[in-house]
Amino acid sequence: MTSISKKHSLHKKNKIRQSLGSKIFDVFNVSFFILFAALIIFPFFNIIAISLTSNAEFMREPFIIWPKAPTFEAYNYLFSTPLIPRAYLVTLIVAAGGTGLAVLVTSMLAYGLSKKNMRGHKFFMIYLLITMFFSGGLIPNYINMTRVLGLSNNLLALILPSAVNVFNFIIIRSFFLQLPTSLEESAKIDGANDLVILFRIIYPLSIPTLATIAMFVAVGLWNSWFASMLYMRDEKLYTLQLIIRNYVVREARPADMQALEGLRDAAGNPIHLNETGLKMASAVASTLPMLGIYPFIQKYFEKGVTIGAIKG
């Protein structure tokens, strides 16, 4: 009895120790991630605060947690010209068009190359993998877009390059390889061809993966400014990120924004804008659309990222 009670007591102590260790780990884990989240959130929160700060208050106290008298002067200034709404529209067209094209073309390519009995399967796979590691280079791409295809000052120059991304292709193809072949065999017995199978059977089963790829492409196109700088000559075709980049980095205001230098309030007094706040407001304006979209596809995101990693 004594030995049994000792063993029971020892087991109980070990259980208590493990429980205490688990609690300490949980406290440390939660504290670490709260601190990590704060380090990520605070800079963005500070950007919003500065964008809502008047010039007078910012001159008195450059570092603020939250303005005493929040003002939307910077946002009114940005949207008082057709420049920013027009840039929003251009960027939306590029992001939506490029995302739709990328998902459609990449998924169709992945579906075709998921058939290992297809002729030239190995050749096309090697060809695609080579392009993943070796690109044509900046100058050849520029010559191809402007001189060969004649897409200078054309939004297609911003949309077409996103049609196929090998990394996205690998993710989608890996998911297609996991689907049971019996689905396609049953559909073919019923008389369905490959397009019917792809659009009516494969796509509905692939929503998490396709939504994840769409998010990758949309964020990349929305944040892109370099391609717009290369191929667009007309300021009216500039994407939002290029306009903001020129203003924030080079401090070069477009003509439409320079025309608003003489802004006055309702009483007729001149408005002295907070230049730093204006830059922060432009950053917030460019970020909010992506932040607004992400919660709606978050449920697909984790599943879509990991689902194609099971089978290569």
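What follows is calculated from the coordinates using simple rules that are stated; it is not laboratory data. Quantities reported herein were computed from a predicted structural model and do not represent experimental measurements. Reconstructed Cβ throughout: ideal geometry from the backbone, glycine too, with neighbour counts over all protein chains shown.
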Relative packing of peptides 239-248, 285-294 - highest average C-beta neighbours within 10 Å first: 239-248, 285-294
Going by how many other Cβ atoms sit within 10 Å of their own, how do Lys115, Lys279, Lys122 line up, fewest first? Lys122, Lys115, Lys279
Taking the beta-carbon count within 10 Å as an exposure proxy, list Arg119, Arg60 from fewest neighbours to most. Arg119, Arg60
Under the Karplus relation 6.51 cos²θ - 1.76 cosθ + 1.60, θ = phi - 60°, what is the ordered set of whole-Hz ³J(HN,Hα) values for region 195-205, x standing for Gly and Pro? 5, 5, 4, 5, 7, 9, 10, 5, 4, x, 7
Residue-wise, which Karplus ³J(HN,Hα) couplings in Hz belong to region 227-241, taking 6.51 cos²θ - 1.76 cosθ + 1.60, θ = phi - 60°, and x for glycine or proline? 5, 5, 5, 6, 9, 9, 9, 8, 4, 5, 9, 5, 7, 4, 5
Extended-chain gain in nm, criterion 0.36 nm per residue less alpha-carbon gap, Met118 and Leu156: 10.5 nm
³J(HN,Hα), Karplus 6.51/-1.76/1.60, whole Hz, each residue of region 189-194, x for Gly, Pro: 4, 7, x, 7, 8, 5
Output ordering of 229-238, 46-55 (per-residue mean of other Cβ within 10 Å, highest first) is 46-55, 229-238
Highest-first arrangement of 196-205, 32-41, 98-107, 77-86, where packing means the average Cβ count within 10 Å: 98-107, 77-86, 196-205, 32-41
